[in-house]
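Asks: Before anything else, here's the structure in question.
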Amino acid sequence: MSKVKRELKPDIVVKNYWRNNEQFADFFNAVLFAGEQCIKPDELEDIDTEDSSVLEHREYAESIGASRDNVKVRKRSTAYGVELAILGIEGQEHIHYAMPMRVMGYDYGTYRKQYEDNAGKYKNQKGMSDDEYLSKMKRTDKLIPVITIVVYYGEKEWDGARSLHEMLDIPKDIEPFVNDYRLYLVEARKNNLKLHNINNKDLFNLLEILLDRSGKLNKIKEKAINYAREH
């Protein structure tokens, strides 16, 4: 039986890497908070193993996890209770010119699943107003916020849209009234992230070497091997 040579792609390699809470938290802090350590590793849990203490049904949690490359729930205790947020990382090997809309779809799907799960609790109108019952949602019900970061592992510079507005041909007079959707995108090939975790620093330094195609392949390979040995 002949052996099939498989190329080990960067996005596949790092997908499992982001399961580490220290690395995941450090990356989100670098992208969202300019390196300030706002998200703590011990606040994070893998959402695909989350039980009913956060989400109503295990099947719902697993369905969110199945649609994302890496997703965690952040649980932060405050004086008023527990704050929750769903944090996702999407790996992208190629430029996708509809990426803002694609991420908007991911996020909407997560909100929709939350809404449907919440609505399933209301079998009758007991304790609900007419509007609440028709909405299948009480006025005081709240959904968990969702933040998605896209990591682009391609060799070429990203020249795609970074927001929904950039995908649209909007007349100037109505532009202020068209809702936008911002894309949080990091190019692995070149970035200015303020990372603190040494593994994250080494990962992005190595990816910058590997994804640089300005030199000869054998020189890039040699440089990558030397970096790996030194670090």
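Asks: Excluding residue 128 itself, calculate the net charge of residues whose Cβ lies under 10 Å from the Cβ of residue 128, where each Lys or Arg counts +1 and each Asp or Glu counts -1.
Replies: Net charge around residue 128: +1.
Asks: Once you've got the Cα coordinates, tell me which of 15/223; 75/121; 15/113; 72/113 are over 20 Å apart.
Replies: Long pairs (Cα-Cα over 20 Å): 15/223; 75/121; 15/113.
Asks: Once both labels are modelled 7 Å past Cα along the beta-carbon direction, what's the residue 129-residue 76 spacing in nm?
Replies: Label at residue 129, label at residue 76, 3.1 nm between them.
Asks: For the stretch 106-158, rounded, prolate or oblate, judged on the Cα gyration tensor with a ≥ b ≥ c (square roots of eigenvalues), a/c < 1.5 rounded, else prolate if a/b > b/c?
Replies: prolate
Asks: Sticking with this structure for a sec: DSSP loop trypsin sites (Lys or Arg not before Pro) in the stretch 138-230 with at most 14 other Cβ atoms within 10 Å of their Cβ, which ones?
Replies: Listed in order of number, the matching sites are 139, 142, 156, 190, 194, 213, 216.
Asks: To continue, here is another question. Shape of the stretch 122-220 from its Cα gyration tensor (a ≥ b ≥ c, root eigenvalues): rounded if a/c is under 1.5, otherwise prolate when a/b > b/c, or oblate? Walk me through the numbers on the way to the answer.
Replies: Working: a/c = 4.26, a/b = 2.00, b/c = 2.13.
Oblate.
Asks: Still on this structure, I have one more. Along the Cα-to-C-beta direction of residue 83, a point sits 7 Å from the Cα; which residues of the stretch 175-209 have their amide N less than 11 Å from that point?
Replies: Inside the label zone: nothing.
Asks: Using the basic label-point model (7 angstrom from Cα toward the beta carbon), what is the residue 98 to residue 181 distance in nanometres?
Replies: Label-label distance for residue 98 and residue 181, simple model: 1.1 nm.
Asks: Additional query: For a 26 Å ceiling on Cα separation, which of these pairs sit above it: 156/221; 142/190; 190/216?
Replies: Too far apart for the 26 Å limit: 142/190.
Asks: Measuring from label point to label point, each 7 Å out along Cα→Cβ, what is the residue 118 to residue 170 span in nm?
Replies: Placing both labels 7 Å along Cα→Cβ, they lie 2.6 nm apart.
Asks: Between residue 156 and residue 231, what is 0.36 nm times their sequence separation minus the Cα-Cα distance? Round to one decimal in nm.
Replies: Working: separation 75, 0.36 × 75 = 27.00 nm, distance 2.62 nm.
Going from the current span to full extension adds 24.4 nm.
Asks: Still on this structure, please answer the following. Any idea what the dipole of the chain comes to, in debye rounded to 20, about its Cα centre with Lys/Arg Cβ at +1 and Asp/Glu Cβ at -1?
Replies: It works out to roughly 660 debye.
Asks: When a footprinting reagent is the concern and you count Cβ atoms within 10 Å, what order do 196, 96 take, fewest first?
Replies: Arranged by neighbour count, lowest to highest, 196, 96 become 196, 96.
Asks: Once every DSSP H run of n ≥ 4 in the chain is given -39500 (n - 2.57) and the sum is divided by its residues, what mean residue ellipticity at 222 nm do you get, rounded to the nearest 500 deg cm²/dmol?
Replies: Dividing the helical sum by the residues of the chain leaves -11500 deg cm²/dmol.
Any read-out appearing in this document is the output of simple, stated calculations on the displayed coordinates, not a laboratory observation. Note that this is a predicted model, so its numbers are computed, not measured. Methodologically, a virtual Cβ is constructed for each residue, glycine included, from the backbone with ideal geometry; neighbour enumeration extends over all protein chains shown.
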